[in-house]
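See below for the structure under consideration.
The values are calculated or read from the model by the stated rules, or taken from the named source; none is laboratory data. Since the structure is predicted, the reported quantities are computational estimates derived from the model, not experimental observations. So basically every Cβ, Gly included, is an ideal-geometry build from the backbone, and we count neighbours across all protein chains shown.
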Amino acid sequence: MKSSTYQKDGQAFDISYGSGSITGSVSKDNVQLGGASAENFGFGEVSSAKGASFYASQMSGIIGLGFASISVDKLPVFIDESDLIDKSFSFVAQGH
């Protein structure tokens, strides 16, 4: 199903990690994650990926879940753009 609020931004991004890299362009849409939402949020549409971990993941996009201070190309991060009042967060790894 296509989103009625999707907008192509076109800003290029290029992110390198220790395990590989991704490139693409920015688009915007309304995003919901858990009970939080962000309107007109910028996210990366991946057009090229290098590195085994990216090939295995078969991803087509990426959204910023870290801090704005480490954001590549000054892309927005979800926690700052969300409607959450408390901007603290954590990640929990679940065992298999």
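Applying the selection to segment 31-72, what residues are of a type in the set (D, E, K, R) and touching a Gly at 6+ places or on another chain (Cβ under 9 Å)?
E45, K50
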Pairs needed: first member in segment 1-21, surrounded by 10 or more Cβ atoms within 10 Å (Cβ to Cβ) and part of a loop (DSSP other than H, G, I, E, B); second member anywhere, modelled with pLDDT under 90 and among the small types (G, A, S); C-beta distance under 7 Å; at least 6 residues apart or different chains.
S19/G51; S19/S53
Scanning segment 46-81 residue by residue, those more than 16 Å from D9 (Cβ to Cβ), in contact (Cβ under 8 Å) with a residue 12 or more places away in the chain, in a helix (DSSP H, G or I) and of a type in the set (A, V, I, L, M) turn out to be A52, A68, I79
So, in segment 37-96, of the ones that are of a type in the set (K, R) and loosely packed, with under 12 Cβ neighbours inside 10 Å, which residue ends up modelled with the lowest pLDDT?
K74
Within segment 29-45, can you find the residues that are farther than 20 Å from I70 by Cα and part of a strand (DSSP E or B)?
D29, N30, V31, Q32, L33, A36, S37, E39, N40
Could you tell me how many of the residues in segment 22-40 are farther than 15 Å from V72 by Cβ, in contact (Cβ under 8 Å) with a residue 40 or more places away in the chain and in contact with a Phe, Trp or Tyr (Cβ under 7 Å, 6 or more places away or on another chain)?
3
